Each structure stands twice: as structure tokens, then as C-alpha cells.
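Some notes on the structure that comes next.
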Amino acid sequence: MRSSKRRNGNGFRRIRSKVFAKLLLSFLAMLMIPAALTVIDFFRYQNILWEETLRYQASLLEQVQKTVDERLENIRIVAIDISIDSAINRYTESSGLEGGSLGVSNYQITNLLNNYRQVYRSVTDILLYTMHYDKILSTQSVYSGPLEEYALLEDAALGRSLVEYFDEERLYCQFVTIGPSAEKERSLFLLQSVPLWSTGRAATGVIAIQVNTEDLFQDISEISGLQEGYVCLLDEKDEPLAEVGDISLLAEVDGADGQSAWKSGSDYIVNSVDSRLAGWRYVSVQPQQLYAERLRAVLETHLLLVCVLTLAGIAAAYLFSRRNYSPLEQVMVKIRKESALGGLARQDSEYDYIEASISSLTQYMHTLQSTLEREVPRIQENMLYQLLTGAVIDYDGYSQGLTEMGLLMPYSSYVVVLLDITSYPSEKMEEREVFKVMLRQQASGFLPQDVSYGVADIGQDNIALLLNGKREGLEAVVDKAMERLLDYARADLLLILTICISESVDGLENVARAYYAALRLVDQRRSAGCAAVVHVRENRERDKLCTCPEELLTQLTNMVSVGDKERALAVLEKGYQINFVGRNVDIHMARSYFITLVDTALRGVRMQGEAFDAFWAENNPILALSNENTLEGMQAVTQTFVSRVCSLVGEECKGHADALKTDILNYLGSYYSDNNLSLSSVADYFQITPNYLSAFFRENVGDTFLNTLTGIRIEKAKQLLRDNNNTIETVARKVGYSSSNSFIRNYKKLEHITPGEYRDILRRNRG
């Protein structure tokens, strides 16, 4: 035996390794395709990334060029504005008259220049030289005398530049670099002739705007990505105006042609851009190795990611293969454990193994089906007995179970018939059972086809029939069929039989009540000992002797529906006093009465589902009433059940009220702006009556519906009033009022001030 199991297990593992390997290889094959494409794209992306790096470095330098040129253009515009200024032109054309023959003083010119300087932060100083006055005016001082002396005394570099400006036919507007001198650092000036279009000796004056180079060139050091190498701005003489970084790299600038290029054996990236305005060059020299390392880091990261993803893919392929194979493996293991098919584990594939197992299981199911068919009548009887005696919790599920067992009950109306055999033609037990079987079989033969039925032997020579049919005429049809059955039993079977028929009831939940009514009638008629068909309706007048007034039943339902335990128990006590105190009542009649009370109490329970099923399973009063044979015991069972039902409903009602309160308040908070919002519209939305909603607000919210809605609207209005752009009329409309008068009236009633006064208070507080 052990050897056989070992062989089977080895065969199974062989199958598993073979199929599992196929699954794994299929997943790996799917993985290799995107992996190969990723590797190919990896090398293509390397070249693209490098080209993007070169373009990026060039774009950074162009950004610096555009920014500086824009500022130079602004300074040039300042120079033009000064050159065309009427006061400046009158002053320079005054033919040497002191103070200006045209009424322009040195003080006025100095203030004018200072005003221009203050407008632009990139301007350090503005000077005006007039040929006729032989004066130099600035924002700080006034110099009178020849330019040669100014060059000697004040600013030699600037003085020489001004002399050259008049001695040569220069452009009317030009940036020049001056210095450095012994006293001053290197400076940048914009020289502009006055008048605007004059050149050389034709000019009457010249404006010299000193540019703040620190402000002008600050972006060179702030541009990201250009700080590790060398960046410089070269003037027309290739002298550096501004520079950042390692100055030793300046030698690499020679030969830069305005494009990104490799220099010195691909050691550097050199970019050069020419200025549009000043004849300067913007040059960056960046070590190639720096960017190569960055690119290499990025590419290495991508390569590492590809490797990680590949390993993860391999692991995922294994896990997916294992996961996909696991259900099949579990099926095979389950089949091996639950069947005697161990030898099938050596089949070529799992599918052969499962096919063989299914064939065996199919044969087993046929055998089981045959056994079940033989047991169906017994199962049907047991289900009918539980239904008749009230031992059912879920009637909806039970109805489906009856259908599945072949007891089709398509209609809502039911009649219970009890066949009470009082005498047999034979005393032998075996023969008696034969007569009962014949009676059961023949009972269905007298029923029309549209009446469904179920049969159950309830003991003590009693047979119960549960009949199901259309409500109209069902009792008449049953009466006729039972009369024929009685004739057959008396004439052909020689049985003395009493047939007791209940009134028709609706729903499976009322079948037990009908059964107990028929059972009580059997007990009453058994002493007569004669064959007859009797109906519960014939004893209706007697039943009235043990019944609860309709108004008390209605009260009981209402009290249970709201969870009022005290008043519900009072109704039970009143009914007990009416029917049983000082009277001799049949015990079966009393049991039927208490079952009616239980049914009435259940009508007040709205709870359904698993929670109620669990409650019913724990507190089923029908079984308890069936086992009680005293009035006191039945009363106690009913009181206990009603008390527990009221507690259950009370908890449910509280939770329902809290949830409903939250939902209604949320609804008002969302739709308060609707001027058609009312008690009736809200009640319609929640499918309740307006009266109930009004009472609900008073009890659970502590205020009326209207006051609650008004409070919500006023709070929303206060939020809107904080915005001065909203008029009073706009606020009124937004919070659901059709007119501002109505809004103001309700606002003042609640807040004791008008909306306008509230807004004034807000303004004072802000001020």
C-alpha cells in the first residue's frame, strides 16, 4: 500500500513539474518581448538624451542673452527719451548762454536727469555734456570746463571717450566700455547724441548713461546648469564684461562660432551667442565630463530599473504560474483524497486525470440521485410537518425549498385538511399502513389540476393535506373533493373517516394557524365517532367565544410597531381577561387564540433579513405554544415574546430616527436655496406624510420644520454677507427667498438686526 501511494505521488509530482514548467515558460516568453524592446530603446534613448542636453545648455545661454538684451533695450529707450526731451534740447542749443537763454537752468536739468535715473534700477548715473557750455551735468554734480580738464581732474576714461565721440563720426547711440582707471573700476556707458539723429561735431551734446552692470548681468550667475564651468560676457574688444566660474577656461572661448561644439578633444562644450544691440558675445564653457557623468547616472539608473523589472518579471512569472496552476493542483489533490482514483494520478495530463474522475463522480451522482428520489417523499413530509407546526423561520426561503423538493405551491392561498381515521376494517398494523397509503394516494385523485397539494402523516391515525390554489372558489373545490374522498374511503376501503377542513389563509406564515384550527376541530369531532366532512367555518360562532376584539388587535400592532412594551402587555392582559377569566375554554381554541396574537404582533415588525431570522430562531413562540397545555403557560409565552419584540423594535426605531434626522438635515443643507422647498416637498422626497414629518421634527430635532429651515438659510446668508460683492437681494435669492423683504423680515426675527446692519458691523470690525 505504501509503495502504491509513493508511486502515485511521484507520478503526480511529475505531472505537476511538466505542466508548471509549460506555464512558467509561457509567462517568461511573454516577458522577454517587452524586455528586449526596452533594451533596444535604451540605447536609442542614450543618443536622444545627449542631444537634448546640448540643446538645453544652448537654450540657457540664449535665455541670458535675451534677458540682458531686453534690459539694454530699455536703457537705450531711456537714452532716446532724454535726447528728444524738449528741455534737454533747449539747454544744449542755447549757444553758450549761462543758465540757458531758453529758460532752462542747470538745476532743472540735474533734477530731470535724476528723475530718469530713478525710474530704471539698471541705471547708476546719467551725465549730459553740452558743447556750447562746455559743461558736464550729472545727477550728482555740475562740471564746467574743457573736456581735457575733466579727463584730467574727474574721470579720465569717460573724458577721453567723450572727446573721441565728438572727434569721430560715431553712431548716434552706442554702448562703450570705459576703464579701468587708477581711480575707477571698469564701467559701461551708453552714449547718445543730442539731438537724436546727430553724429560727431553735428551734435550739440551727448548723454552718457552709466549702466549698473551688477544688476544687468545678475542672471548670468543665477541661471541653473551654467555654474560648474565658465560663463562670460565679452565686449567688442573681446574683453570680459562679466564672468562666472573658472577663469582659466577663458582660453577655450577662442574660435567659438556661435554654436554648441566640442573643443580640445571633446573635453568641453562651448556655446556662443551674439548680442543684438551691443556687439557683445555671451559664451559658456562647460566641462563635457560633468554632463557625461549626469547622463551616465541617468542611463545607469534606467539600466538598473530594467534589471530590477526583469527580475521582478521573472518572480511574477513564477508566482502567476504557481497561482494559475494552484487551482488545478487543488482540484487534483481534492479528487485524490475524496475518491478511490489514486491510480489516475499517473495519467499523461491533469485533464485526463480530471476526465476520468468526472466520469466516476457522474456515476456516483446517478447513484446518489436515485437514493435521493427514494427519500424525497420523506423529506417532503418532514418539511410539511415543520410548516404546519410553525417551526419555520424564513418563509421566503422555505417556499423555494418546497419548490426544489417538488412541492409546487404557485398560489398565495392555502387550505389545511386533516384526515382522522377512527376505525379500520382490520386490526393488523401492517394492513392499517396499507390502508393509509391507499388513502393518501387516492386523495390527490379527486383534486382538480390547478390545485397543488402536499401530504404528511402526522401520527395518531391522522393524515394532513396542504392544498394550494386560487383564492376564488378554493374552499368550495376542496369541500367537493373531500366529499368524494369520504365516499371512497367508506365504500371501497371500509374506513370510518372524519375530514376536517380549515378556512383558506394567505401566505405560508399563516398555514400553522390554519393547521391548529383544523386540529382543534379534530379533537372536538373525534368523540362523535361518525364519518363526516366538517369545516372550521361551521364552528365560527363557537370560535367567537375565544377571540380578541378587532380594536385590541389593532392596538397591539400599533404598540409593537413603536416598541411600546408596557401598553402592548396591557392589551394582552385585557384580551386574557375577556376570553379566559371565569370561563371554561377548550385548550385547542385557546392555543389558536394565542397564535393569532403572535401573528398580530409580528405585523408591527418591519425588520427583515438575517437579524430578524436570528431573533425568530431564538424566540420562536409557535413551538413553545404547541408544547404548553395550560392557559397560564400560553399567556406567559405570548407575553415574553411580545416583550422581546417590543425591545427589538424599540432599538430599531431609535436607530431609524437618528438616521432619518441626519438625512433630512443634510437634505435641507443641500437644497436650502430652492424657494419651493417646503414641508410637503421634503415629506414627498422621503416618502412620509407631512404630519409625520412635522411631528418628527418636534420630537427629534426639538424645533419646527420651518424654524429649522429658516435657521439654516440665515446661517448661509451670514456667510454670503461677508462678501461685499453680494447685494442684499442677491443673498436673499441665493438662500431661497423670492423677495428681499421676506428675507430681511426673517433675518431680523432670528438675529434681531437687519442684514444691512450685520454687514455694517463686519465693515467696522475689519476697519
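Readers should treat all values here as calculations from the given coordinates under stated rules, not as data from a laboratory. Note that the coordinates shown come from a computational prediction; the quantities given were computed from them, not determined experimentally. Because the Cβ atoms are built from the backbone with ideal geometry, glycine has one as well, and the counts that use them run over all protein chains shown.
Rounded to the nearest whole Hz, the Karplus-based 3J(HN,Hα) values (6.51 cos²θ - 1.76 cosθ + 1.60, θ = phi - 60°) of region 749-765 follow the sequence 5, 8, 9, 6, 9, 7, x, x, 5, 4, 5, 4, 4, 4, 5, 5, 5, with x at glycine and proline. Using only alpha carbons, region 396-455 has a radius of gyration to Kirkwood radius ratio (Rg to Rh) of 1.07. Can you give the net charge of the other residues whose Cβ lies under 15 Å from the Cβ of Leu467, counting K and R as +1 and D and E as -1? Spelling it out: positives minus negatives among the neighbours equals -2. Is there a pair in Lys135/Lys237; Lys716/Lys748; Lys718/Lys748; Lys661/Lys718 whose C-alpha atoms are over 20 Å apart, and which pairs would that be? Correct reply: Lys135/Lys237; Lys661/Lys718.
Take Cys500, Cys232, Cys307 and order them by how many other Cβ atoms sit within 10 Å, fewest up front.
Working: Cys500 28, Cys232 23, Cys307 11.
Least crowded to most crowded, the residues run Cys307, Cys232, Cys500.
For each of Lys480, Lys718, Lys135, count neighbouring Cβ atoms within 10 Å of the residue's Cβ, then give the residues from fewest to most.
So the residues, fewest neighbours to most, are Lys480, Lys718, Lys135.
Three semi-axes describe the equivalent ellipsoid of region 547-647; taken as square roots of 5 times the Cα gyration tensor eigenvalues and ordered largest first, they are 22, 16, 10 Å.
When a/c reaches 1.5 or more, the comparison of a/b and b/c decides; with that in mind, is region 670-767 rounded, prolate or oblate per its Cα gyration tensor? Kindly include the intermediate steps, with their values, before the conclusion.
Values: a/c = 2.89, a/b = 2.10, b/c = 1.37.
Prolate shape, in that a/c is at least 1.5 and a/b is the bigger ratio.
Remark: Met634, Met409, Met131 ranked as Met131, Met409, Met634, counting other beta-carbon atoms within 10 Å and listing the fewest first.
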